[in-house]
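First up is the structure itself, then whatever we jot down about it.
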Amino acid sequence: MDKRKHRNYLESQLLFSCNSCHCHLLDQTSIISRNFQGRNGPAYLVNHVTNITLGTKEERMLLTGIHTVADIVCAQCQVKLGWKYLRALEEPQKYKEGKYIVEKSKVSKDFTSWDQFIIY
Ligand SMILES: [Zn+2]
C-alpha cells in the first residue's frame with residue numbers, strides 16, 4: 001500500500017459541511033487549531049473557509065485582547081458560523097489575521113467522504 005498516496009487522498013477528501021444546509025465549508029487540512037473558543041463553545045481556527053459571507057467589520061474584545069473581526073455566515077443558509085480575524089492589536093496575536101474561527105457545533109464532518117475511512 002502506498003501510504004503517501006493515501007494521505008494525499010485524505011487531504012482533498014475530508015471535508016466539513018454546514019450543519020444546517022450541508023454545503024461544504026472547509027477542508028480538514030485547513031484547520032490550524034482545534035482548541036479555540038467561539039462565542040458558544042469550542043471552535044476551530046481555520047486557514048480558509050469557502051461558501052461564506054462576511055459580515056460587518058467591528059472591534060471586539062476577545063479572551064486574547066482587542067481584535068478587528070467580521071462575523072462569517074454560511075452563504076447558502078445564513079447561519080452564523082464564527083468570525084474572521086481581520087486585525088489583531090497585539091503582536092503575539094498577529095498570526096490570526098486573515099484566519100477564521102468556526103464553531104464546532106455549526107459544522108460536521110462530511111460523511112459521504114469520511115465513511116470511506118472508517119478506521120478514523
Ligand atoms: Zn449552511
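The values are calculated or read from the model by the stated rules, or taken from the named source; none is laboratory data. Predicted, not measured: the structure shown is a model, and the values here were computed from it. Cβ: placed from backbone, ideal geometry, glycine included. Neighbour counts: every protein chain shown. In case anyone asks, the SASA skips ligands and DNA or RNA and just uses the protein heavy atoms, side chains included. Shrake-Rupley method; radii C 1.70, N 1.55, O 1.52, S 1.80 Å.
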Filter result (modelled with pLDDT of 90 or more and either more than 23 Å from G82 (Cα to Cα) or more than 12 Å from the ligand (Cβ to nearest atom) (or both)) within region 1-26
L26
Starting from residues that are in a helix (DSSP H, G or I) and among the charged types (D, E, K, R), keep the ones in region 89-105 and report whichever is least open to solvent (accessible area, probe 1.4 Å).
K96
Condition first: within 16 Å of the ligand (Cβ to nearest atom), small (G, A, S) and surrounded by fewer than 18 Cβ atoms within 10 Å (Cβ to Cβ). Now tell me which residues in region 43-86 satisfy that.
G55, A75
Cβ contacts < 9 Å: first residue more than 21 Å from N35 (Cα to Cα) and polar (S, T, N, Q), restricted to region 64-79; second residue part of a strand (DSSP E or B) and within 11 Å of the ligand (Cβ to nearest atom), any location; separation 6+ or different chain. Result?
Q76/C18; Q78/T53
